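Read the structure below first, then the notes.
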Amino acid sequence: MISLPAGSWWDWDVVSWDPGRLRLGAGHDLSYAHHLELVFSDPEFVVCPAAFHDPVFRTPRPDEAATVADRLGGVPPVLVAFDADAGGRSPVPCLIAAGGVEIVQGTVYRYWRVELVDGERLAPWVRPPGA
């Protein structure tokens with residue numbers, strides 16, 4: 001199970017996703033920036049909405065672990081389960097199987113910002129004017 005650092009990690013979304021990496025961003029309000037990322041390397045199985053709120057991380061249930069093992073032909077190195085508010089009547093069960101996971105803290109701006117200080121960066125989709 002994942003243990004997050006102290007902070008206000010209510011608002012979440014998929015920042016980027018390619019065959020080698022799934023990056024989830026979190027913060028108290030994702031309008032301008034996020035301050036926490038879960039970076040999954042080699043994601044193999046993902047059941048997760050594009051945006052969600054207030055996830056509760058938990059140990060995967062035996063049936064979830066068995067489903068993933070059956071589909072992948074074995075137990076993945078990382079299996080993360082959580083329940084989250086995705087705007088419906090009840091929390092959505094989410095499951096991510098990957099080769100690894102890293103927790104990254106730092107400010108990631110979701111808009112163009114001319115001056116960045118140490119530890120700050122731009123979201124992958126942000127491009128400087130004229131670029």
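What to note about this one:
- Antiparallel DSSP beta bridges within the range 11-122, percent to nearest 5: 95 percent
- Against the chain, whose longest principal axis is taken from its Cα atoms, helix 62-72 shows a tilt of about 80°.
- Over all other residues within a Cβ to Cβ distance under 15 Å of SER41, the charged ones net out to -3, with Lys and Arg as +1 and Asp and Glu as -1.
- Contact order normalised by residue count of the range 11-122, Cα under 8 Å, 6+ apart, percent: 28 percent
- Extension gain from VAL47 to ASP70, taking 0.36 nm per residue of separation minus the Cα-Cα distance: 6.8 nm
- The range 1-69 - percent relative contact order, Cα under 8 Å, separation 6 or more: 31 percent
- Gaussian network model of the chain, Cα within-10 Å springs - most flexible of GLY106, GLY88, GLY25: GLY88
We did not get these values from a lab; they are worked out from the coordinates using the rules stated. The model shown is predicted, which means the values in this text are computed figures rather than measured ones. FYI the Cβ positions are ideal-geometry reconstructions off the backbone, even for glycines, and counts take in every protein chain you see.
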